[in-house]
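Asker: One structure follows; several queries about it will come next.
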Amino acid sequence: LMKKGPVVLVSFGTIAQPSAFPKDWIHGLVEGLGRLSNFTVIWRFDIDLPEAAQYPNIHLVPWLPQRDLLKHPNTKLFVTHAGYNSLLESTKEGVPMLLIPLFVDQFCNAIRAVRLGLGIKVFKNEISSDSIHDAASQVLNDPRFGERAKAVDAMLSDKLISAEKALSYRMELLSKHSTKHLPRLYVARNMN
C-alpha cells in the first residue's frame, strides 16, 4: 500500500475504538477521506466497515506500525486524536496533521500543535464530510505544515545541555538561594 503513492495515515490511538464513534462521525470521516481519491488512506479500524468499501482508496487495518508508517516518505498526512506520543512521532518525521481531539489532554495538545503550525484541528462535534475533506486538503496542499514539523523537530532534537547537567544546575541554584518566595506545590493538590 505504501508504494502506491501518497498516503494518509489515520489512527485514533489505542484507547479510542473507532467502531464506538457515533455513526455521523464515521460517515463524515469515511466520506471526507474517501474524497481524497489521489491518496491511499490507511486507517486503523477495529472492525470491518462496509461503508468504506465504496472508496477504493480507503484501506482498513486492525493494527498498524504507526511509527514505521510515519517514517515512510510517502506518508503525507496523519489524521490523529492528538495524543502526546502521536504528536511527537508525527513531528519527528515531519508529517503534518489533521487533529481530531477526543478527550482530556488531546484538546490542549491539538491547540498547541495548531499554534506551532503543525496542522489543522477539527473538533469532534464539527466532523462532517466537508470539514474533514477541506481540512485534509488544506494541510496536504500547503507545504508550510510539513516544514514547520521539521523545524520543530530540529528544535526539540537540539540538546544544548544534557538533562543531567540541567537538573544538577537547577538543584545547585536552589541550594544557594532562598526558596521562601517560591509557591508551594501543595496548593495545586486539590483539583476540584
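The values are calculated or read from the model by the stated rules, or taken from the named source; none is laboratory data. Everything quoted here is computed from the prediction, not taken from an experiment. Glycine also receives a Cβ, built like all others from the backbone with ideal geometry; neighbour counts cover every protein chain displayed.
Asker: Looking at Ile26, Ile15, Ile47 in this structure, which one is out of contact with any strand residue (DSSP E or B) (no Cβ under 8 Å at 6 or more places or on another chain), assigned to a helix (DSSP H, G or I), surrounded by fewer than 21 Cβ atoms within 10 Å (Cβ to Cβ) and β-branched (Val, Ile, Thr)?
Answerer: Ile26
Asker: Further question: Please determine whether any residue of segment 147-170 is more than 16 Å from the chain's Cα centre (by Cα), within 19 Å of Val7 (Cβ to Cβ) and not in a helix (DSSP H, G or I).
Answerer: No, every residue in segment 147-170 fails to be more than 16 Å from the chain's Cα centre (by Cα), within 19 Å of Val7 (Cβ to Cβ) and not in a helix (DSSP H, G or I).
Asker: Kindly establish whether Ile111 is surrounded by fewer than 19 Cβ atoms within 10 Å (Cβ to Cβ) and either assigned to a loop (DSSP other than H, G, I, E, B) or aliphatic (A, V, I, L, M) (or both).
Answerer: When the stated conditions are applied, Ile111 passes them.
Asker: Let me ask something additional. Within segment 50-70, take every residue that is part of a helix (DSSP H, G or I) and over 18 Å from the mean Cα position of the chain (by Cα) and give me the one that is modelled with the highest pLDDT.
Answerer: Among those that are part of a helix (DSSP H, G or I) and over 18 Å from the mean Cα position of the chain (by Cα), it is Gln54.
Asker: Inspect segment 22-34 for any residue being within 28 Å of Lys150 (Cα to Cα), among the aliphatic types (A, V, I, L, M) and touching a Leu at 6+ places or on another chain (Cβ under 7 Å) and give the result as yes or no.
Answerer: Taking every residue of segment 22-34 in turn, none turns out to be within 28 Å of Lys150 (Cα to Cα), among the aliphatic types (A, V, I, L, M) and touching a Leu at 6+ places or on another chain (Cβ under 7 Å).
Asker: Of all residues in segment 1-12, how many are in a loop (DSSP other than H, G, I, E, B) and within 17 Å of Leu102 (Cβ to Cβ)?
Answerer: Summing the residues that are in a loop (DSSP other than H, G, I, E, B) and within 17 Å of Leu102 (Cβ to Cβ) in segment 1-12 gives 1.
Asker: Looking at (1) farther than 19 Å from Thr14 by Cβ; (2) part of a loop (DSSP other than H, G, I, E, B), can you tell me which one Leu102 breaks?
Answerer: (1)
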